[in-house]
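The values are calculated or read from the model by the stated rules, or taken from the named source; none is laboratory data. Here the structure is a predicted model, which is why all the values come from computation and not from measurement. Every residue, glycine among them, receives a Cβ derived from its backbone with ideal geometry; neighbour counts consider all protein chains shown. SASA here: full protein model, heavy atoms, side chains in, ligands and nucleic acids out. Shrake-Rupley method; radii C 1.70, N 1.55, O 1.52, S 1.80 Å.
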Amino acid sequence: MGNTSAKALDLTKGSLFRKILIFSLPLMLSNLLQVFFNMADVAVAGRFAGSSALGSVGSTATLVMLFTDFLIGLGSGVNSIVAHCIGTGDEAQVKRASNAAAIVSLVSGVIVGVSGAVLAEPLLRILGTKPELLDGAVLYMRIYFAGMPALAFYNYGRGVFSADGDTVKPLLFLLAAGVINVALNLFFVIVCKLSVAGVAFASVISQYISAVLVFGALVKTKRSYGINFKDFRVEAEKVKHVISLGLPAGVQCAVFQTANLFIQAGVNTFDTVMVEGNAAAANADALVYDMMSAVYTACTSFMAQNFGAGKRKRVIKSYFICLAYSFAIGFVVGVGLVFSGRFFLSFFTSDPAVVEAGMKRLTIMGFSYCVCVFMDCTIAASRSLGKTIIPTVIVIMGSCVFRIIWVYTIFNYFKTIPSLYLLYVFSWIITAAAEIIYFVMLCRRFLPACVPKTDGAKNRRLRRIKQRRKKIRRG
């Protein structure tokens, strides 16, 4: 693979336990920083612009995540494609895949940005956003979505670097952009008195800073996936390949949030205090999920590279190690948030009633986070084997259709907050069971083909020897 980056890990050799941990920690810290910086938006709005600003920004959370999760999913698809190419050792394929992914990501970012800005008001109205929160929520979304092309490019760059085992660069870039985001948040809201608009402007600026830093690193690197304008070529075949794997991965992530729109609509049937409490407590979802998501990325990268290199045992072992790591994170952090919930919620609001409302969500979700790893880690594993369409269909049925049915049946009957939040764990269990069955089928079908030819030849010779011995005994 040409010049090897000092930061890159060889994912096809060495201890998987140690390397997956080394790979995941910078990525986990990167995700946590992203969560903390997003929390800063909500915290600054709630603390310095009032509960109304908190409710306005919080009311957009599910919609914003619907669009941004699509771009994040697209980035994970890029990660899988490039990691597989790196595993095969074909530099030309790595370059072509990276170039195609860059174009697909940028175009997707522009489409998502325009769509989000145009659909902001009608979608918020459909969700039943409180009239007193609507204007602020629409303003926040329309400004925020101007940063989608930058977010798409950053996730493309992170996917490419992670595919090569380098999770440090994305962390450093995000750290720099995030610090600026927090500073601008405080400046725009406290000094300039821009309230919701100030929070949105700070986010957009920080997103473009992170994208510029990623772009500079890709231009500078000598690795085959780097950007070189002299030989930058985009092939239609590779674009189709990126779309065929990246688009379902993006849709797969967005589907979760599509179902959550109906959950948000259910939350909106309660009073404003409950809406604000839900907005504050929902920050815990991002905190826990993004920590586990780092391990899912590791799962895709390690499995895809080893799949490309033909190392079957490492492919399977990577899956189980990532499953164990992500389960431990979900359990420890989730339960920890239950017992420290009021302290956690105090970062977003000083209103005791809002804190109590947030605890209703946090108590149920805290004990449930560890369940979703069986679904998400298995989806990442299937993606590493180049399969995204069937997992997406399973997600649509288990985490979208099922949740919608639950909202209009179970929740509609009881009309309580617990009856709404419990749908998460039940949908995770059902979807995980189906995803695991499909993954087992994939393993039986594809992983034997990963065994190097030398091993296959050796096995065939052993079989012939055994057959001769049987003939001798019979004779």
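Points worth noting:
- Whole-Å semi-axes of the ellipsoid equivalent to segment 184-238 (Cα gyration tensor, √5λ, descending): 37, 13, 7
- Expressed as a whole percent, the proportion of Cα-Cα pairs in the chain lying more than 33 Å apart is 37%.
- Segment 283-348, accessible surface, carbon-and-sulfur percent (1.4 angstrom probe): 73
- For segment 60-163, the gyration tensor built on C-alpha atoms gives a prolate shape. Its axis ratio a/c (a ≥ b ≥ c) is at least 1.5, and a/b is the larger of a/b and b/c.
- Axis of helix 373-384 versus longest Cα principal axis of the chain: the two differ by about 50°, to the nearest ten degrees.
- Entries of K220/K313; K95/K317; K13/K387 with Cα pairs more than 32 Å apart: K220/K313
- Surface composition of segment 232-273: carbon plus sulfur atoms contribute 66% of the solvent-accessible area (1.4 Å probe, protein chains only, all chains present).
- Alpha-carbon Debye profile of segment 265-330, log10 I(q)/I(0) at 0.16 Å⁻¹: -0.63
- Per residue value of the accessible surface for the chain (all protein chains in place, 1.4 Å probe), Å²: 42
- A simple packing score, the average count of other Cβ atoms within 10 Å per residue, orders the peptides 282-294, 84-96 as 282-294, 84-96, with the highest score first.
- Computed in the context of the full set of protein chains, the accessible area of segment 354-451 at 1.4 Å probe radius has 76% of its extent on carbon or sulfur.
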